[in-house]
Each structure stands twice: as C-alpha cells, then as structure tokens.
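Comments concern the structure below.
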Amino acid sequence: MNNGKGRKKHGSVKRSHSNTKRQQLTLSELQSRFESQNSISGEIESTDSSSSSSSGADGTVLTPSSTSTPDSVSNAQITPTSTATNANMSRTQMKRKQSSPMAPAFMVSAPGKVIVFGEHAVVHGKAAMAAAISLRSYLLVTTLSKSHRTVTLNFRDIGLDHTWDIDSLPWNVFKHPSKKKMYYDLVTELDPDLVEAVQPHAAAVSTDKPDDIRKIHQGSAAQFLYLFLSLGSPESHAAIYTLRSTIPISAGLGSSASVSVCLSAALLLQIRTLAGPHPDQPPEEAEVQIERINRWAFVGEMCIHGNPSGVDNTVSAGGKAVLFRRSDYSKPPTVTPLNKFPELPLLLVNTRQSRSTAVEVAKVGRLRETHPEVTEAMLDAIDKVTMSASEMIKENDFEADDDEDLEQFGALFRINHGLLVSLGVSHPRLERIRWTKLTGAGGGGCAITLIKPNTSQQTLQDLEEKLTSENFEKFETTLGGDGVGVLYPAVLRNGVTDEEGGEEIDQQKFENAVGMEGIERLVGVHASGNERREGWKFWKRAGGWTK
Ligand SMILES: Nc1ncnc2c1ncn2[C@@H]1O[C@H](COP(=O)(O)OP(=O)(O)OP(=O)(O)O)[C@@H](O)[C@H]1O
Ligand SMILES: C[C@@](O)(CCO)CC(=O)[O-]
C-alpha cells in the first residue's frame with residue numbers, strides 16, 4: 001500500500017468549539033457512537049474522477065456529513081489522509097450519498113516508567129520494582145467517514161506514515177474460529193500463523209527507507225496490525241492513529257510499552273469494551289479495565305520485543321509504583337502496588353546511547369545458556385536486592401530525605417548496577433556517572449542517580465555542567481504518576497467554561513508540535529507543573545480517584 005507521500009496533512013479537523021453537548025459526552029456515548037457508525041450502512045456512489053474539485057490526494061471525495069446529526073461532529077470536514085491503492089478506490093472517486101455520524105476524535109495517553117530495581121532478572125521470573133514517570137505518549141484517534149476504508153498509522157516521531165486498505169487485511173485468518181481471540185482473553189504468546197499473516201502487510205511499509213529505519217517501522221506496523229486485526233473487525237471504521245511521545249525512544253524508559261498501552265486502550269475503546277474512566281468508578285471496575293488494556297498491551301510488546309516480562313506495560317497501564325513478578329508465563333503476573341513509594345530524590349540521565357531492548361534481553365538469555373548456574377545466582381542476587389528495597393520502603397519509618405535511609409537505598413542501587421554490569425548490559429558511558437544505576441534494558445539508555453539529601457546546590461550545579469559537557473541529557477520527572485488516561489473528545493478546555501467550549505486538538509498542530517515541551521504544552525496531561533489539565537481522565541488502581 002502507499003506510504004502517504006505527497007500528503008500534507010492528516011484529517012485536519014476544524015470545527016466549532018462552542019458545542020457544549022459534545023464536550024459533555026461520556027465515554028459510553030463515545031462507544032455508542034462507534035457502534036451506531038458500525039450499524040449504518042453508508043451508501044457509496046462511484047463518481048467520475050474529474051467530478052469534484054474537492055478531491056483528496058487519492059482522488060477520494062468526502063462530502064461533509066449532514067448537519068442534522070446530533071452534534072457538531074457531523075459538520076467535520078476530514079481531509080483524507082491517505083491514498084488507498086485499493087484498485088476500486090484509485091480508479092474511482094467515492095462520494096458519500098448519505099450522511100453518517102462520525103465519532104469525535106479522542107486521545108489516549110500512557111506513561112513511561114523507571115525500573116528502580118530488577119530489570120533483566122524480571123524476565124527470568126524474579127521481582128522488579130518500577131514506577132510510572134511523568135513523560136508520556138499521546139495517541140490521537142481520528143475516525144473518518146464511512147466512505148473511507150483505510151486505516152493509517154502515523155507515528156510522527158519515527159517518521160512512519162502508512163495506510164492500509166481495511167478490506168485487504170487478513171481478517172479471514174484472524175477471525176477463523178480456531179484463531180479468534182476475545183478481548184478479555186489472556187494471550188501469553190503470539191500465534192505464529194497470525195504473525196505470518198500480518199507479515200506481508202507490515203513488509204509493505206517504508207520500503208524506500210534505510211534498513212535500520214525500515215526495520216523499526218515494520219516492527220511498529222506488525223504490532224499495530226496484530227492488535228488491530230485481533231480486536232477490530234472487517235467492519236472497523238476508517239481511522240487515523242497519530243502518535244507523539246515525550247519519552248525518549250529506546251532509552252530504557254518504557255517508550256515501547258507506553259505506545260503499546262495507547263494502542264491497546266484506543267482499540268478497546270473503539271470496540272466498546274471499556275466503560276470509563278469516571279470519577280465514581282468502583283476501583284474493582286477500574287482494575288478490570290486496566291487489566292484488559294494491559295493484556296493487549298503485552299501482546300503488542302511481544303510483537304516488538306519477543307520476550308518481554310510485562311513489567312513495562314503493567315506500570316504504564318496502571319501507573320504509580322509496583323512490585324512485579326511473573327514466575328509462570330502462562331499465568332498473569334503478581335503485581336503489588338507500592339502505595340508508600342517514597343519521593344526519591346532522583347536524577348534521570350540519558351546517555352543518548354540508544355540500543356534495543358530485544359538485543360539486551362537476548363544477551364542475558366545467551367549468558368544464562370552458556371553459564372546457567374552463575375547467571376542464575378546473579379539473577380537471584382538481583383531478586384534479593386529488589387526484595388530488600390521493597391521491605392525497606394514498606395517499613396513505616398523509611399524517609400526519603402533521611403541520610404541513613406538513602407545511604408542504604410543507594411547501596412542497593414550500587415549492588416544492582418554491579419550485577420547488571422556482570423550480566424553484560426552496561427555501557428562505558430553509564431560508568432561515568434557516580435551513585436548511579438542503569439534503568440531499563442541498559443546497553444546505553446538511561447541511568448537513575450540518587451541525590452544525597454545533604455548535597456549542596458554547588459555540587460548539583462557542577463554535576464549538571466559535567467553532564468551537559470559530556471553530552472548527557474538530564475530529565476526532570478516525577479515518579480509514581482497516573483497510568484493510562486483518556487481525553488474524550490479531543491478538546492482542551494484550558495480553563496474556559498463548558499458554555500465557552502474548548503479548543504479542538506488540531507491534527508496538524510499535534511503532528512508538528514516541537515519537542516517534548518511543544519507536545520506537553522499542546523496536549524500534556526499536566527498543563528503546567530503538577531497541575532492536571534482539565535478533561536483528561538485516568539483509570540485508577542484500587543486506592544481511589546485522585547483529582
Ligand atoms: N514515539 C514513538 N513513536 C513510535 N514508536 C515508538 C515511539 N517510542 C517508542 N516506539 C517503539 O518502541 C521501540 C523502542 O522500544 P525499546 O524497548 O527498544 O525501547 P524502550 O521501550 O524505550 O526501552 P526499555 O524497554 O528498556 O524501557 C521503537 O523502536 C518503536 O518501535
Ligand atoms: C530489560 C527488561 O527487564 C526491562 C526493559 O524495560 C525487559 C523486560 O522486563 O521485558
């Protein structure tokens with residue numbers, strides 16, 4: 001299929017911002033909207049290719065929906081983003097004869113994570129302690145009108161932009177009774193036949209790009225298609241999935257898991273299998289929904305990584321901090337929320353040495369094969385470190401600003417890092433920062449450095465200057481944030497009242513937001529500082545709804 005070249009913008013949606021009714025729609029209404037779309041059999045009329053001056057790049061014509069539909073969403077004019085090369089569509093233009101309401105655009109967001117203790121060991125059944133961070137991915141879902149039969153993956157940060165014709169996808173394989181999975185199933189491994197069915201469609205992506213980039217794009221495409229075909233149906237609506245992220249890619253901060261959580265949540269919302277989040281939601285209901293998102297996010301992670309433990313997607317989906325262990329891959333992991341996770345004075349430093357998690361995980365796998373006993377002993381030692389840290393913070397008198405407590409915690413950092421070095425997943429650049437432990441898969445990526453409470457401002461400043469001069473990148477992030485959240489519809493109120501309406505998230509602005517700050521400013525769940533931006537709602541693990 002085409003790669004969307006020559007197309008300037010994706011479904012640039014410009015609408016009135018004053019319709020309060022639209023903004024007050026609940027998620028269940030969103031889901032009904034999707035359902036009503038599903039049940040409308042839009043009549044499509046073929047027209048001569050020269051018949052309209054408002055044709056899109058692919059020659060398709062999309063007339064605005066009727067204004068008699070329930071809200072202003074129906075007035076949306078969506079510029080076709082993609083150029084379906086479906087023979088029928090490329091030869092003829094499609095014109096909608098009857099209007100059908102389109103679901104409003106919505107957005108989902110999921111955080112990255114920091115593994116405080118236990119990376120790699122967690123892949124082999126040991127415990128890990130991890131916390132969500134304030135860096136996040138944002139996925140904008142724009143539904144196109146019935147006249148479109150395409151689905152577009154627009155991963156702007158990595159330059160991936162591809163459109164598939166929905167009808168050409170291998171639905172017959174995925175929906176075959178022997179293969180079909182339900183949205184609530186526990187899927188713990190990829191089905192090789194399904195992977196094979198997706199392969200030619202993923203292989204059509206970015207064929208003109210250099211090898212390394214093409215590989216990443218095709219991996220993302222395979223991940224998306226596997227989820228889309230598992231959760232969607234041949235009647236799925238044409239849509240554009242546009243992603244931006246503030247999480248550095250391949251740096252150990254769970255960028256891939258947060259993307260996977262976003263895709264899983266968006267697709268489950270579209271098929272009406274999630275109802276929430278809302279302020280009165282019982283924690284048990286939220287828990288079930290988080291788990292549903294998490295399970296499919298794990299499937300997405302398997303597409304990218306091969307052998308993930310599931311800790312990254314678990315933290316990204318549920319947020320806050322957890323102790324995680326997966327002893328048996330055919331069963332769900334044990335996840336213990338760490339409600340008393342301390343506000344550790346951490347510095348998060350990126351070596352800017354990017355690497356692949358899959359490669360680092362495979363390194364440890366090989367070491368375990370060649371030196372099983374020694375490797376197992378090291379993994380066990382990491383498990384003990386994690387459990388000691390967990391015991392420490394569970395104790396009532398642990399103080400994150402107490403010298404002695406931090407000294408002890410810091411010692412555990414040092415031991416854990418030493419063991420990771422022995423496992424062969426460090427990098428010379430990671431060894432240049434003192435009091436530091438690598439976080440995530442290692443091989444470069446990020447490190448966490450514990451700042452001693454009595455550290456002077458001058459020492460901190462000197463450290464920062466040293467880091468900058470050696471081309472390290474320093475992040476400000478808060479540990480223990482929210483998990484997956486939804487902004488429905490994709491309208492930001494920015495302090496204005498319901499009557500005044502809000503500002504629709506403009507697809508182009510979102511695509512073109514510059515850097516982390518630009519994305520945060522435009523759509524970030526925290527508009528400024530720690531203040532939550534209006535509109536974003538989060539599923540909450542047991543522990544209650546926080547404002
Ligand atoms: N902003 C993004 N846009 C699109 N795809 C992304 C983005 N961020 C991450 N990805 C996907 O995730 C992959 C990186 O995953 P990888 O596991 O190597 O790194 P990570 O998740 O950041 O690190 P770790 O697993 O150690 O926490 C990318 O190759 C891409 O497929
Ligand atoms: C290296 C690893 O332990 C953490 C990556 O963030 C891999 C995993 O748990 O899947």
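Quick note: the coordinates plus some simple rules give every number you see, no bench work behind them. Computed from a prediction, not measured in an experiment: that's the story for all the values here. Cβ sites come from the backbone with ideal geometry, for glycine too, and all protein chains shown count toward neighbours.
A few comments on the model shown:
- At most 13 other Cβ within 10 Å, DSSP loop - GluC sites (Glu not before Pro), the stretch 370-464: Glu395, Glu399
- Residues Ser233, Ser256, Ser390 in ascending order of nearby Cβ atoms (within 10 Å, fewest first): Ser233, Ser390, Ser256.
- Likely footprinting exposure, Met102, Met392, fewest C-beta neighbours within 10 Å first: Met392, Met102
- Length gained on full extension, Thr370 to Arg432: 19.4 nm, using 0.36 nm per residue less the C-alpha separation.
- Normalising the average separation of contacting C-alpha pairs (under 8 angstrom, six or more residues apart) by the number of residues puts the relative contact order of the stretch 171-268 at 27 percent.
- Relative contact order of the stretch 342-479: 43 percent, from C-alpha pairs under 8 Å at least 6 residues apart in sequence.
- Flagged links, alpha-carbon separation over 24 Å, of Lys113/Lys540; Lys394/Lys474; Lys340/Lys437: Lys394/Lys474
- Other residues with beta-carbon under 9 Å from the beta-carbon of Ala238 carry, at +1 per Lys or Arg and -1 per Asp or Glu, a net charge of +2.
- Prolate/oblate/rounded label for the stretch 342-479 (Cα gyration tensor, a/c 1.5): oblate
- Relative exposure of Val187, Val259, judged by other C-beta atoms within 10 Å (fewest first): Val187, Val259
- For the stretch 342-479, the Cβ-based charge dipole about the Cα centre amounts to some 940 debye (Lys, Arg positive; Asp, Glu negative; other atoms uncharged).
- Shape call, the stretch 236-348: gyration tensor on alpha carbons, a/c limit 1.5: rounded
- Calculated P(r) of the stretch 151-266 - Cα pairs past 16 Å, %: 61 percent
- For the stretch 222-289, the list of GluC sites (Glu not before Pro) that fall in a loop by DSSP and count at most 16 other C-beta atoms within 10 angstrom reads Glu235.
- Ranked by the mean number of other Cβ atoms within 10 Å of their residues, highest first, the peptides 298-305, 156-163 come out as 298-305, 156-163.
- For trypsin sites (Lys or Arg not before Pro), the sites in the stretch 386-491 that DSSP calls loop and that have at most 13 other Cβ atoms within 10 Å are Arg434.
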